[in-house]
Amino acid sequence: MPEFISSLSIQRPFALLAVVPVLLFTLYSFFRFRSLCSVFELEGRHSGLKFFLKKTFLALAMTCFIVAYSGVSWGSRAVPVQKRGCAVSFVFDISYSMMARDEGGRTRLEAAAEYAGALLDRMAGFSVSVVLAKGDGILAVPLTDDFSSVRSLVNALHPSLMTARGSSPGKGVEVAMSSFPSQSSEAPYIWLFTDGEETDTALSSALSKAAAAGISVSIVGFGSDDGAEVLAGGEGESVHSSLRADSLAGLSASTPLKGYVSFLRASDRSSAYRMLESVKGSGDGTEERLSYEVQLVERYNLFIWVGLILLVCSYIFGELNLTEKKKSFFALLGLQALCFTFTSCSGGFSDRMRLLNGSLEWNRKEYQDATADFMTVIESAEARGDDGTVMYAVFDLATTYLMQGEDGAAAARFEELAGDLPDNLRFALLYNLGILAHRNGNYPAAADFFKEALLIDGGSVDAKVNLELSLVGGEGRRAGGEMQPVMESGHEGTLESAIYSIIREQEEGQWKNMRKEEPSGDAQDY
């Protein structure tokens, strides 16, 4: 139960206030019915029970619909997302405990700076940010692929860079999470360099938040088990400080979502290699990869179905004049229908709703969320053997990649669409393949694709304009803006107004060239 409460999310909590008038109206109906029965001296326990069941089921049904509208979610699931490249946030604990000299004569902070420098030498193609954590956390260097500023800061690490007192690596992790753009196509990682000393308990909750957001955190421990003496606050009394290895290892093991938090000692053999391998894999860190984002599970479908069932029950038990035997029969029939609905229809309905939601996110340019929805639908529909839904989801996913500039991933997904396709989907496929060929400079192939698309829908103005741009080759591409892909619905994207201006200018220029100048004669020049 505590885990359920911690994962509970309500998108529109104000909508739940509508439950109050529903309950008040239901209670009013009960009292009103009772008063009418006493006034008119109506008797009949059976009719009273029918009224009670009808109003109760109706109130519960309305409550379910209101809860569904409020956007209730609980539980979590890992959603597959296609990523290209990596973004790493370096979080340095610069509290005074990191000044203990138990790293081979060096301070822990000096060892962390040297360790980070060795990692940067092997991180070509990465985006890197730097966060400093002491009593608070600050973003010192935003995400960048220029490592010169990163190296300058790393080489100058010292507790005096921040005036905040105490030690809170957890706040540094929270700042690092906010440094990643919400719609970035790069896979996010956080590397925390610390000895585990903290004056608050923020690290545990910060790690849980990072895991819930699908961000992997690697904790690199500096210091020794025996520890060393260090001045508290850099001055005054000397205190003993050591690496909190057990505490850090326990935090990584206790994170609710396993696999997102790991701990290793900096002194472990090949620790830096293992960190790089976890983010780079077998490539250089810039290749496409399948990552996972943790998302809450929306439950509106559940409440809609329960509400519909309760609505039917309010009619069966409140309106129909049935004997007990017939009521039992209808109840059994309704239960069988419910089982059939949830086992055979709910999966397809849920996939189509998610496909629609992904299309809406695509139109809002929320491409990362749309990609997650389409990939989830593909996995679910393939498991059910629903080839039609898979076909549309694959196309939508490929189009989303095309909008993000992931031409390789888009082409691979388009190749999966073969065989007989509906006209609207085939038109959109040919149209987008034309855009893909045009981007790659293959203008003859692009023109052929647009011609085939026009054979299906000869009234498409955008396809005609794109055909003209492809026929003129590279000049059309340089002069005009980017062509916009279309979704399977056939609604075309709006081309840049500059493209239309270019076409009109070309036509106007051709018309002017065809005009012959009249002889001037004795006419005066003005």
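Read-outs: derived from the displayed coordinates by stated rules, not from any lab. Keep in mind that this is a model prediction, so the values were computed, not measured. Positions of Cβ are backbone-derived with ideal geometry, glycine not excepted, and every protein chain shown enters the neighbour counts.
Extension gain, residue 278 to residue 352, is 23.1 nm, computed as 0.36 nm per intervening residue step minus the present C-alpha separation. The label point for residue 407 and the one for residue 23, both projected 7 Å from the Cα toward the Cβ, are 6.0 nm apart. Packing, as the average of other Cβ atoms within 10 Å across residues, places the peptides 421-430, 140-149 in the order 421-430, 140-149, highest first.
Using the Cβ of residue 89 as centre and a radius below 15 Å, the other residues enclosed give a net charge of -2, where K and R count +1 and D and E count -1. Taking a ≥ b ≥ c as the square roots of the eigenvalues of the Cα gyration tensor of the stretch 110-217, is the shape rounded (a/c under 1.5), prolate (a/b larger than b/c) or oblate? Verdict is oblate for the stretch 110-217.
Taking the Kirkwood radius as Rh and the Cα radius of gyration as Rg, the stretch 113-175 has a ratio of Rg/Rh equal to 0.98.
Taking every alpha-carbon pair within the stretch 348-425, the share separated by more than 18 Å comes to 36 percent. Treating r as the C-beta distance of residue 69 and residue 267 and R0 as 56 Å, the FRET efficiency rounds to 0.50.
Both radii come from the Cα set of the stretch 161-200: Rg as radius of gyration, Rh as Kirkwood radius; their ratio Rg/Rh reads 1.05.
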